[in-house]
2 protein chains.
Amino acid sequence: MSTPVNRQLLLKTRPEGRVGREHFSLVEAPVPALADGEVLVRVLYLSMDPTNRVWMSDVPQYLPPVAIGEVMRALGIGRVVASRHAGFAAGDLVQGLVGWQDYAVVPADQAAQLVKLPAQSGLPLPTLLGACGMSGLTAYYGLTDIAPVQPGETLVVSAAAGSVGSIAGQIGKIHGARVVGIAGGPDKCRYLTETLGFDAAVDYKADDFRQQLKAATPDGVHVDFENVGGEVMRAVLSRMVIGGRVALCGVISNYNSGRAADDVGVLISKRLTMRGFLILDYRKSREAVQTLAGWLRDGRLKAEETVADGLENAPDVLNRLFDGDHRGKLVLRVDPDA
Amino acid sequence: MSTPVNRQLLLKTRPEGRVGREHFSLVEAPVPALADGEVLVRVLYLSMDPTNRVWMSDVPQYLPPVAIGEVMRALGIGRVVASRHAGFAAGDLVQGLVGWQDYAVVPADQAAQLVKLPAQSGLPLPTLLGACGMSGLTAYYGLTDIAPVQPGETLVVSAAAGSVGSIAGQIGKIHGARVVGIAGGPDKCRYLTETLGFDAAVDYKADDFRQQLKAATPDGVHVDFENVGGEVMRAVLSRMVIGGRVALCGVISNYNSGRAADDVGVLISKRLTMRGFLILDYRKSREAVQTLAGWLRDGRLKAEETVADGLENAPDVLNRLFDGDHRGKLVLRVDPDA
């Protein structure tokens, strides 16, 4: 193996508001020789997630923020090209926090965080990051463990055309709920009802958003799978039944602004339970992945991925999460041959 | 009985910010003859509660807002002076939504909401509105049903010198928790630790509030009994352990401003469960009242009431809830002979 060049995107300054290329340094470094216990991974795909934006900010969060000068942290899928760790061999397909770079040298003490993926899952790699990966698992546990939805109940999902929301809504349908999705624009709304089988879709960009939501939830809302926060969440909470449950997955509307736009008062008047959760508490469950994969094969679950290309484009691609111009899971192909 | 004159405070305009006398009309009206099924109640004491302020605003809430021109709604204790309802007789002591007036004519269809109080409870009437009334029951169910606190856990209570908070903190101690109270000013803080037996008290008005809170919660916070919202809640949530529970009783910091100053993002990073509740869901439980009364008699629970006088002063007295110049339960004596 010739010594490959490793392109890396290092966090240069902390963005306020939108992410730009100017917040990162693109550097080229040789891949170092492996020390004992280390694993060298060729990054194939990177998962583009709203939480990446949070990691760039020096605010309290569940992981330390990415340090200035550090490779931007991100989940991805790669192939082991060399290993001095007993648990991994060249050729293994792995998932982990590989970061915004062509090659990740995984230190010995972090190799345990790498998850080996089955060589022959029959699923495309982007799907292993999406519907059968972190996004799908988040939707799955949110609606089974955090705020289980019962047959006949009304479930509202915000950011419903996104990677987690699109799966959450379909899981709601599989569980027998009436499912209303909130998304931006008529195209996405049609996608929810015509392709994904949602019972109704509401356009949060429309002037009559609140009226649309009211009309779509005549019996109120029993469960809110919340991805957005702020004004969108406020509208949903106003429609909830007394004693309703909120699976709080994300507040993407706050991530770029850094401003808190939420109001918990309605939790009192409606006696709501809001429960925040993180998928990292659910150690990768074979059962959940197999359930999701089974639904995909049966056609009960539809998954869409938007694949963008080029490591150097990572900052712009990440912004698309906040622009709402894509559907389903957004991934970045790092290796053109992947 | 000569026909008494009934002074009534009618909501004239909706306050923005603080409540003033100018928002109410003080009118005098004769007490009408009772129709079949009605009950006439002489109001003795009125409970002054933060929720009264919410009822004045035309915002979504758990009861309809008080209409302009309507008697201001309030909970109180009174004595039945005449009854054409089979369930009540002259002389009965009752509690209910009697409103800001000397005499309440309770319509037949609302008489069922009146709760008859024992003639000889051995407890002062203000205590029946406070520690053994709505305030005490709120604290009781918040820490037994909504967010049960376990021995050895750390409980934080905000507005801890207030009617609900002072009882909640003491119930936490009775249940074996380490209890930290948040209150405004050194006098109240001393009251919490020296009189009520809290383990620590933190002054939210102090410049080093967050440092004080951190020092008082070295093992983090397991349960937050939240009465305040906004900046105070944000500080408490930042100290919570992963998986902590929030009994969301009130967000008094938002009631006058009408602004939403909360941020639910931390619920995700800390995987918190926040559950809003209202005491009206707990039908007056003999058991809870007897438990609280027993603790009061044993001296395990200390209750303090601040009694103000004069129906005409109701708006100013209500403001004291937001000024934080009182301790314990704030009640208004309407009948000078009570």
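The values are calculated or read from the model by the stated rules, or taken from the named source; none is laboratory data. As the structure is a prediction and not an experimental result, all values here were calculated from the model. Here the Cβ positions follow ideal geometry from the backbone for every residue, glycine too, while neighbour counts run over all protein chains shown.
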Taking A:A74 as meeting all but one of (1) part of a loop (DSSP other than H, G, I, E, B); (2) free of Cβ contacts under 8 Å to residues at least 24 places away in the same chain, write down the number of the exception. (2)
Return the total of residues in region B:251-282 being among the small types (G, A, S), facing another protein chain (nearest Cβ under 7 Å) and either within 17 Å of B:T51 (Cα to Cα) or within 15 Å of the chain's Cα centre (by Cα) (or both). 2
If I filter region B:283-310 down to residues being modelled with pLDDT under 90 and surrounded by fewer than 20 Cβ atoms within 10 Å (Cβ to Cβ), which single residue comes out as nearest to the other protein chains (Cβ to nearest Cβ)? B:R283
Would you check if A:Q150 is free of Cβ contacts under 8 Å to residues at least 60 places away in the same chain and surrounded by fewer than 19 Cβ atoms within 10 Å (Cβ to Cβ)? no
Run down A:V41, A:V66 and say which single residue is surrounded by 14 or more Cβ atoms within 10 Å (Cβ to Cβ), part of a strand (DSSP E or B) and away from chain B (no Cβ under 14 Å). A:V41
Residue tally, condition over 11 Å from the mean Cα position of the chain (by Cα) and either part of a strand (DSSP E or B) or not hydroxyl-bearing (S, T, Y) (or both), over region B:44-57: 7
Those residues of region A:131-170 which are under 13 Å from the mean Cα position of the chain (by Cα) and assigned to a strand (DSSP E or B) amount to A:G162
Go through region B:9-26 and report how many residues are assigned to a loop (DSSP other than H, G, I, E, B) and touching a residue at least 60 places away in the same chain (Cβ under 8 Å). 5
Within the group B:E231, B:E194, which residue is away from chain A (no Cβ under 13 Å) and among the charged types (D, E, K, R)? B:E194
How many residues are out of contact with any Pro (no Cβ under 6 Å at 6 or more places or on another chain) and either closer than 29 Å to B:K116 by Cα or among the aromatic types (F, W, Y) (or both) when one looks only at region B:1-23? 10
Does region A:197-220 include one or more residues that are crowded, with 22+ Cβ neighbours inside 10 Å and over 14 Å from A:V156 (Cβ atoms)? no
